[in-house]
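Let me begin by presenting the structure, written as structure tokens, before commenting on it.
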Amino acid sequence: MTRYVDLTHPISAGMQVFPGDPEVAFAPALTLSEDGVSVVALHLGSHSGTHIDAPSHSVDGGRTVSDISVDELSGEALILHLTGAAPGEEITFSRIADQIPDAVPPIVVLATGWDRMIGSDAYLVHPYLAPDAAAELLQRGMRVLGADTLSPDPTLQADSFRLPVHDIVLGGDGLIVENLRGVSKLPARCWIGIFPLPLLDLDGAPVRAVARTDGSLQEN
């Protein structure tokens, strides 16, 4: 039986964002009682909630959200199940090598289970991908890297702020999707569609992400 799974965190006022990003806030703009219609003013960053990073997020002159085609963001996906991932663990290539074929589909998703911690301090201390693993995935055919964490790079960094995985993936004209949810329940292979708001010439955008699978979902 075909099943569709929503992989998107709802965007809500005051929700957790990457440290330093704009806070999410909603405010009434028009009301039914006074204006006959209800309209809400939204204040949020281009990387709020479940969202896409376009290359221009960290690459000078890189593609923007409006340069990305829908075809790039839908298709077969490989879900890498990182059972037992520890807080702040670096996910090396050897850690995931047994799940990776010689050629990978265009979409690869890191399923750490950290989405269950969103809104807490623990969500900031998530596992992250080693740069050499990101480079190897690109070499084998990945074009979109997804993660159920704030970033495929570490969020809390003691030294100077660096985004080596962003540099590798976005620098290779690939794409990154962050803050996915529910991916740990998916089978190793399924279809995923990622649909960003078509924000003209911006570096990122909230998305609606959906998986379609003909298999059963895993229990967590």
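Of note:
- The residues of segment 46-61 that are open to solvent by 10 Å² or more (accessible area, probe 1.4 Å) and either touching a Gly at 6+ places or on another chain (Cβ under 8 Å) or within 17 Å of PHE18 (Cβ to Cβ) (or both), listed by number, are SER46, HIS47, SER56, HIS57, SER58, VAL59.
- Those residues of segment 35-79 which are assigned to a loop (DSSP other than H, G, I, E, B) and hydrophobic (A, V, I, L, M, F, W, C), in sequence order: VAL37, LEU44, ALA54, VAL59, ILE68
- Unmet requirement for ASP167, which otherwise passes all of (1) within 19 Å of PHE93 (Cα to Cα); (2) in contact with a His (Cβ under 6 Å, 6 or more places away or on another chain); (3) among the charged types (D, E, K, R): (2)
- Those residues of segment 57-96 which are within 29 Å of TYR4 (Cα to Cα) and of a type in the set (Val, Ile, Thr), in sequence order: THR64, VAL65, ILE68, VAL70, ILE79, THR83, ILE91, ILE96
- Per the conditions (1) assigned to a strand (DSSP E or B); (2) within 16 Å of VAL183 (Cβ to Cβ); (3) open to solvent by less than 70 Å² (accessible area, probe 1.4 Å), the sole criterion not satisfied by ALA29 is (2).
- Scanning segment 62-77 for residues that are of a type outside the set (Ser, Thr, Tyr), closer than 14 Å to GLY174 by Cα and open to solvent by less than 80 Å² (accessible area, probe 1.4 Å) yields GLY62, ARG63, VAL65, ILE68, GLU72, LEU73.
- Which listed residue is closer than 12 Å to LEU7 by Cβ, open to solvent by less than 60 Å² (accessible area, probe 1.4 Å) and of a type outside the set (S, T, N, Q), from LEU186, LEU175: LEU186
- From the options VAL104, VAL65, VAL70, residue that is in contact with a strand residue (DSSP E or B) (Cβ under 9 Å, 6 or more places away or on another chain) and modelled with pLDDT under 95: VAL70
- Whichever residue in segment 123-163 is of a type in the set (Phe, Trp, Tyr) and under 25 Å from LEU7 (Cα atoms) and, among such residues, is least open to solvent (accessible area, probe 1.4 Å): TYR123
- Criterion violated by THR112 - all others in (1) over 24 Å from VAL210 (Cβ atoms); (2) at pLDDT 95 or above; (3) out of contact with any strand residue (DSSP E or B) (no Cβ under 7 Å at 6 or more places or on another chain) satisfied: (1)
- Tallying residues that are β-branched (Val, Ile, Thr), without any contact (Cβ under 8 Å) to a residue 40 or more places away in the chain and within 18 Å of GLY182 (Cβ to Cβ) within segment 112-166 yields 1.
- Considering each residue of segment 23-36 in turn, none proves to be in contact with a Ser or Thr (Cβ under 9 Å, 6 or more places away or on another chain) and either in contact (Cβ under 8 Å) with a residue 60 or more places away in the chain or at positive phi (or both).
The values are calculated or read from the model by the stated rules, or taken from the named source; none is laboratory data. Keep in mind that what you see is a predicted model, and the values were worked out from it rather than measured. For neighbour counting, all protein chains shown are included, and Cβ atoms are generated from backbone atoms with ideal geometry for every residue, glycine included. With ligands, DNA and RNA removed, areas are computed over all heavy atoms of the protein, side chains included. Shrake-Rupley method; radii C 1.70, N 1.55, O 1.52, S 1.80 Å.
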